[in-house]
Amino acid sequence: MGAQKKAKKSNESINARLALVMKSGKYVLGYKQTLKTLRNGKSKLVIIASNTPPLRKSEIEYYAMLAKTGVHHYVGDNNELGTACGKYYRVCTLSITDPGDSDIIRTMPGAQAGDA
């Protein structure tokens, strides 16, 4: 019971930070644009929905590893990720290029590579 409550609380904090990025930062939504930002080295953090196809997920993780960019696996599916971004459509992957006022880059567990 306690672990489930903690997961829900961390998910809410991620959603709040994502909302702040949507307001004040720069980001791209979608698989193709995420790969473009990773190839250009502009991406600071990549967020992947839980129901992203495994091949696509591993390809994004590989590009992120080469670009030394953090990857966060969002606990919800692409419907929930789209809603967290304030959109009315599904979002499988999103790449944050400028966090704006949010501290999402520092607080994500997989994002330590960006600080090095």
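Of all residues being among the polar types (S, T, N, Q) and at pLDDT 85 or above in the stretch 76-116, which is surrounded by the fewest Cβ atoms within 10 Å (Cβ to Cβ)? Just the residue, please. By that ranking, first place goes to 79. Scanning the stretch 15-41 for residues that are in contact with a Lys or Arg (Cβ under 8 Å, 6 or more places away or on another chain) and either of a type in the set (Val, Ile, Thr) or modelled with pLDDT under 95 (or both) yields a single hit, 28.
For residue 50, the conditions (1) modelled with pLDDT of 95 or more; (2) more than 17 Å from residue 20 (Cα to Cα); (3) not basic (Lys, Arg); (4) not in a loop (DSSP other than H, G, I, E, B) are fulfilled apart from (4). Filtered by the rule that a residue be over 12 Å from the mean Cα position of the chain (by Cα) and either polar (S, T, N, Q) or not in a loop (DSSP other than H, G, I, E, B) (or both), the stretch 63-75 gives 63, 65, 66, 67. Here the stretch 25-62 is the region considered, the condition is being more than 14 Å from the chain's Cα centre (by Cα) and of a type in the set (Ser, Thr, Tyr), and the residue that is nearest to residue 79 (Cα to Cα) is 58.
The values are calculated or read from the model by the stated rules, or taken from the named source; none is laboratory data. Since the structure is predicted, the reported quantities are computational estimates derived from the model, not experimental observations. Glycine also receives a Cβ, built like all others from the backbone with ideal geometry; neighbour counts cover every protein chain displayed.
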